[in-house]
């Protein structure tokens with residue numbers, strides 16, 4: 001038997017429970033079967049601790065089995081197992097007891113991406129102070145690379161916090177309320193962070209992501225607060241973003257529109 | 001330049017990041033890090049890795065090379081591994097003599113190879129490919145196993161010794177794995193130890209296991225058992241002192257407990273080495 005055939009037969013015996021006839025002269029195949037399933041479900045639980053709390057051990061293991069059957073791991077690191085769980089549960093809402101749990105999965109995966117996402121120097125106030133007045137109109141900010149903007153239909157974040165902080169693993173959380181809103185998830189220092197956004201702040205952050213200049217951000221804000229108050233409103237947000245490390249200092253790639261990290 | 005490593009180490013686990021980051025002179029001579037835990041873009045894992053690396057020598061230990069798989073080696077993974085090597089300059093880089101999946105699946109387990117001439121011929125160029133990339137010998141670890149293949153043509157120890165001879169790889173000798181496999185397959189673990197080329201052994205792993213009588217499982221969630229300490233002492237008597245560490249992967253105790261266990265490892269190794277030297281002089 002070729003090596004590849006030995007390995008395919010063994011792999012099927014572990015993942016599909018197939019009998020490996022004539023492959024083995026000594027049989028502890030059940031040890032591998034059990035360890036594989038336990039390891040993968042534990043990896044999923046590590047990425048979705050609050051979804052696990054919401055569902056409980058048994059229902060979470062059932063979800064894990066369904067996910068494992070349709071999305072076996074192909075990544076080198078088990079850290080990435082579960083990357084498609086949010087899409088998986090959205091596709092088949094019957095897997096979950098409540099539609100908000102799918103959004104909870106989306107929220108938790110985004111937090112995990114913020115945890116070990118790329119590092120970037122936060123934009124400092126000194127870089128802005130050094131700008132000439134004429135440079136502001138064409139100024140383009142950059143978001144920290146861990147910034148993710150989620151559009152949610154349920155108030156999942158407060159429920160997430162309640163469950164994540166609860167000492168009692170059987171804590172019964174409040175039911176999430178229907179709420180169309182945006183949440184920003186990012187990393188401040190080493191700490192994954194999140195907060196809800198007003199529609200204006202969400203629009204401005206999306207504008208930054210789409211490369212809008214400060215002048216264009218002011219035009220966007222003007223539609224909400226009126227043109228005369230728009231620059232002050234945008235600057236108010238910028239001040240908060242600096243404190244929260246939501247903006248990144250970026251190299252001046254095009255020579256003018258970004259803020260030079262050296263001056264941060 | 002990479003530092004030479006000697007003495008007694010621990011696997012670096014997240015529970016102990018703060019301890020190692022806060023204290024530069026804990027009684028641990030070096031640390032082993034799981035390579036895959038740090039193949040991430042940034043954030044806390046890499047922050048603590050670099051902070052702790054400033055104070056402690058390190059070796060890198062991977063779980064996903066899948067050197068024995070029938071699939072081609074994952075060059076993207078190898079590239080990431082090389083970047084991490086350049087970043088932390090470990091004394092050496094190890095992984096397991098096993099396969100973790102085929103047809104691009106990863107079972108995230110360390111599956112045994114059939115001990116055949118064909119497997120040896122499969123491994124040799126793959127080890128050469130990795131060694132060319134990392135510019136140093138690859139260190140491979142014997143795994144624990146719960147099955148044996150009908151196709152086996154030789155013992156595990158003959159297979160490993162021959163692989164070392166052909167490929168120039170080095171050995172991370174996991175004494176607990178030798179014990180676990182010996183119990184599961186009914187061989188004398190000392191035959192395994194006796195067959196290892198002493199000069200190729202660069203590191204030793206010790207760990208705890210679960211003993212179910214007719215089945216012994218390598219769990220890494222208990223302290224090292226006395227019978228493994230005995231086999232470790234036998235090993236040191238045969239091959240001399242080697243950098244040795246405790247692998248604890250689950251039910252991680254406070255660092256003070258692992259340091260106490262490491263002190264016992266140190267004492268057992270020193271006593272075994274002293275006894276060998278005394279016998280040689282007598």
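Taken together, the values in this text are just the output of simple stated rules run on the coordinates, not laboratory data. As the structure is a prediction and not an experimental result, all values here were calculated from the model. With ideal geometry, Cβ positions are generated from the backbone for all residues, glycine too; neighbour counts draw on all protein chains shown.
For a Förster distance of 60 Å, can you work out the FRET efficiency between the beta-carbons of residue B:273 and residue A:227, rounded to the nearest 0.05? Efficiency, rounded to the nearest 0.05: 0.15. Per residue, the average separation of C-alpha pairs within less than 8 Å and at least 6 apart gives chain A a relative contact order of 19 percent.
Each of A:136, A:36 was scored by other Cβ atoms within 10 Å of its Cβ. Arranged with the fewest first, they read A:136, A:36.
Taking every C-alpha pair closer than 8 Å and separated by at least 6 residues, the mean separation divided by the residue count of segment A:1-97 gives a relative contact order of 21 percent. Going from the fewest other Cβ atoms within 10 Å to the most, the residues A:9, B:100 appear in the order A:9, B:100. Given R0 = 30 Å, the distance between the Cβ atoms of residue A:34 and residue A:87 translates into a calculated FRET efficiency of 0.60. Residue by residue along A:76-84, Cβ atoms of other protein chains within 10 Å of the local Cβ number 5 on average.
Listed from fewest to most Cβ neighbours within 10 Å, the set B:8, B:229 follows the order B:229, B:8. Helix A:29-47 and the long axis of chain A differ in direction by around 20°, with both axes built from C-alpha atoms. By the helix-only formula, in which each DSSP H run with n ≥ 4 contributes -39500 (n - 2.57) and the sum is divided by residues, the protein assembly as shown has a 222 nm mean residue ellipticity of -14500 deg cm²/dmol. Extension gain, residue B:188-residue B:25: 0.36 nm per intervening residue step, less the Cα-Cα distance, totals 54.7 nm.
Under the simplified labelling scheme, the residue B:124-residue B:221 pair shows an inter-label distance of 4.2 nm, with each label point 7 Å from Cα along Cα→Cβ. The distance separating the Cα centre of segment B:142-187 from that of segment B:225-280 comes to 21 Å. With one equal scatterer per alpha carbon and no solvent term, the Debye-computed log10 I(q)/I(0) for segment A:119-264 at 0.11, 0.13, 0.18, 0.20 1/Å reads -0.48, -0.64, -1.06, -1.23. Judged by the ratio a/c of the largest to the smallest principal axis of the C-alpha gyration tensor, segment B:74-143 counts as prolate, that ratio being 1.5 or greater while a/b is larger than b/c. Taken along its principal axes, the alpha carbon cloud of segment B:8-281 reaches lengths of 51, 49, 39 Å, longest axis first. A Förster radius of 30 Å combined with the Cβ-Cβ distance from residue A:180 to residue B:55 puts the calculated FRET efficiency at roughly 0.05.
Separation of segment B:44-94 from segment A:1-44 is 27 Å, based on Cα centroids.
Gyration tensor analysis over the Cα atoms of segment B:50-209 returns equivalent ellipsoid semi-axes of 25, 19, 15 Å (largest first, whole Å).
For chain A, just say rounded, prolate or oblate: build the C-alpha gyration tensor, square-root its eigenvalues into a ≥ b ≥ c, call rounded for a/c under 1.5, and beyond that prolate if a/b exceeds b/c, oblate if not. Prolate, since a/c reaches 1.5 and a/b exceeds b/c. Given their separation in residues at 0.36 nm each and the Cα-Cα distance between them, residue A:22 and residue A:166 gain 46.7 nm when the chain is fully extended.
With respect to chain A, whose longest principal axis is taken over its alpha-carbon atoms, helix A:230-244 is tilted by about 50°. Computed from label points 7 Å out along Cα-Cβ, the spacing between residue B:87 and residue A:69 is 3.8 nm.
Could you list log10 I(q)/I(0) for the protein assembly as shown at q = 0.06, 0.07, 0.13 Å⁻¹, which the Debye formula gives when each Cα is one point scatterer? With no solvent term, the Cα-only Debye profile gives -0.37, -0.50, -1.33. Axis of helix A:214-225 versus longest Cα principal axis of chain A: the two differ by about 90°, to the nearest ten degrees.
Shielding by partners for peptide B:100-113, expressed as the average number of C-beta atoms from other protein chains within 10 Å of each residue's C-beta, is 6. Working from Cα pairs under 8 Å separated by at least six residues, relative contact order for chain B is 16 percent.
For segment A:1-135, what does the alpha-carbon gyration tensor say about shape, rounded, prolate or oblate, given a ≥ b ≥ c as the root eigenvalues, a/c under 1.5 as rounded, and a/b over b/c as prolate? Because a/c hits 1.5 or more and a/b exceeds b/c, segment A:1-135 counts as prolate.
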